[in-house]
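The structure appears below as structure tokens.
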Amino acid sequence: MFSSIPSVTRKLLIANVAVFLLQSIAGASEAARAWPLWFELWPWVPPQFEVDGPGFMPWQLVTSGFMHGGLGHLVFNMLALVMFGSTVEHAWGARRYAIYYFVCLLGSALLQLAAATYAIYQGQLVLTLGASGAIYGLLLAYGVLFPNSKVTLLPFPIVLKARTLVIVYVAASLFYGVFTTGTGVAHFAHLGGMLIGWLLILWWRKHPPRSGGSGPRRDPRAEALRDRRKASKLRVVK
């Protein structure tokens, strides 16, 4: 089953699990317990404020997307990665899929950075970690590519069309992001992943990539079979 997961999705899965194991090891050691703070996403702290920690570093825009706050957080994100990411990678191909994933990851981190920086002025220090922003971007891509596909609304046993599921998650993230605080969930990161993903899909529609474009990946075996069938038909006609 693991070998059936396409290459980029499989590597992302391995990377996320490996980083979580390193986090767990560091958490068990008093000497190394502080090092994950350098890789979580910190807000940009204005000069008039002081915080106890490293503060924002540019690499955190990427590294925070491979860290998780607990086993449940990791399992939920990785399950969604395999469910939606595998299908999107098969449809787009490895190169285009990888570009999309990391663009969504960066977009979600930048919007969350802005929200967390604003929270500093409200007296809140918000640190962010998790792949959810990129995962929400994948959910959006799945909804665009397969709008009528049936998907279960996790964690509830409700089956919806993929297009409807995307709308539900966007509305929920927008509502909770604007009207709630202190939930421990980076709703603006979710919105950022979806927003930048949607903009990238619109860009690709107007400017199709020359390589790694839309459509399924080339399958040499299927192409060879079609060629043989075509050759067979040509021989019969002759």
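A 1.4 Å probe, protein heavy atoms only, puts the accessible area of PHE156 near 120 Å². The modelled label-to-label distance for the pair ARG33/LYS161, using points 7 Å beyond Cα in the direction of Cβ, is 5.2 nm.
Note on TYR118: accessible area approximately 140 square angstrom, rounded to 10, probe 1.4 Å, nucleic acids and ligands left out.
When all protein chains stay in place and ligands, DNA and RNA are ignored, the 1.4 Å accessible-area order of LYS150, LYS161, largest first, is LYS150, LYS161. Computed with every protein chain present, the accessible area of ARG205 is close to 140 Å² [probe 1.4 Å].
The values are calculated or read from the model by the stated rules, or taken from the named source; none is laboratory data. Worth saying up front: this structure is predicted, and the values here are computed from it rather than measured. FYI the Cβ positions are ideal-geometry reconstructions off the backbone, even for glycines, and counts take in every protein chain you see. To get the accessible areas, we keep the full protein, side chains included, count just its heavy atoms, and leave off ligands, DNA and RNA. Shrake-Rupley method; radii C 1.70, N 1.55, O 1.52, S 1.80 Å.
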